[in-house]
1. Among 99-108, 6-15, 52-61, 75-84, how do they line up from the highest to the lowest mean number of other beta-carbon atoms within 10 Å?
2. Excluding A107 itself, calculate the net charge of residues whose Cβ lies under 9 Å from the Cβ of A107, where each Lys or Arg counts +1 and each Asp or Glu counts -1.
3. Can you list residues whose amide H is under 5 Å from L118's amide H, if they're 5+ apart or on another chain and H is modeled 1.01 Å from N?
4. Quick check: at a probe of 1.4 Å, how many percent of the accessible area of the chain sits on carbon and sulfur atoms?
5. Give the residue list of trypsin sites (Lys or Arg not before Pro) in region 1-49 that are DSSP loop and have at most 16 other beta-carbon atoms within 10 angstrom.
6. Check the straight Cα-Cα distances from K109 and name the aspartates and glutamates below 19 Å, setting aside those fewer than 8 residues away within the same chain.
7. How large is the accessible surface per residue of region 56-98, computed with a 1.4 Å probe and reported in Å² as a whole number?
8. Which of the helices in the chain, when you take each full DSSP H run, stretch at least 20 Å along the axis at their Cα atoms and have an average Kyte-Doolittle score of 0.5 or higher?
Amino acid sequence: MRNDINVTPLVDVCLVLLIIFMAVNEKLQRGMDVPLPGTRHHAIQTDTGQPIVSVTREGIYWGRERLRGTDELKRRAVEARGRQTEPIHVKAGADLLYGEVYPVLIALKEAGSPGAELATQELKDAP
C-alpha cells in the first residue's frame, strides 16, 4: 500500500480555474484594446469608473460598443453627464494623428462633458 498524495483532483481544479480566468479576463478590461502612445513621466491613477471612449482606425467606441459617429458620441456623453462628475477617459490609438482624435474631443466638449483625460502608456527604459 502506497501513501502518496493524489494530485490529479488538484490539477483538474487548477485547469478549470485557468480556463475560467482566461474567458473572464477579456471582459474585465474596460474599453477597447488600443495601442496607447508612450510617455516618460506617467501619472498612475486608479480606475474611478468613468466612461471610456476608445478611438481606433475602425471607429469610435463607448466602452466596447461601436458608435456611428460623433453625433452618437455627443448623445451618450449628455446621458452620462448627469450621472458622473469625473472626466471621460479617452483611449486614442498611438497610430492616429491628432486631427483624427480632435473631433472626438470637440464632441465631448460640446456635449458638456466635465473634461477628457487622454490615456497613455508608460515607456520603460531599457536596462
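1. In decreasing order of mean packing, 99-108, 6-15, 52-61, 75-84 become 52-61, 99-108, 75-84, 6-15.
2. 0
3. Here V90 satisfy the definition.
4. Here carbon and sulfur together make up 58 percent of the probe-accessible area.
5. Of the trypsin sites (Lys or Arg not before Pro), the ones in loops of region 1-49 whose Cβ has at most 16 other Cβ atoms within 10 Å are R2, R30, R40.
6. D71, E72, E79, E86, E100, E117
7. So region 56-98 comes to 62 Å² accessible per residue, rounded to a whole number.
8. Helices meeting the criterion: 8-28.
The values are calculated or read from the model by the stated rules, or taken from the named source; none is laboratory data. The model shown is predicted, which means the values in this text are computed figures rather than measured ones. All Cβ positions, even for glycine, are placed from backbone atoms using ideal geometry, and neighbour counts span all protein chains on display. Accessible surface is based on the protein model in full, side chains and every heavy atom, while ligands, DNA and RNA are left aside. Shrake-Rupley method; radii C 1.70, N 1.55, O 1.52, S 1.80 Å.
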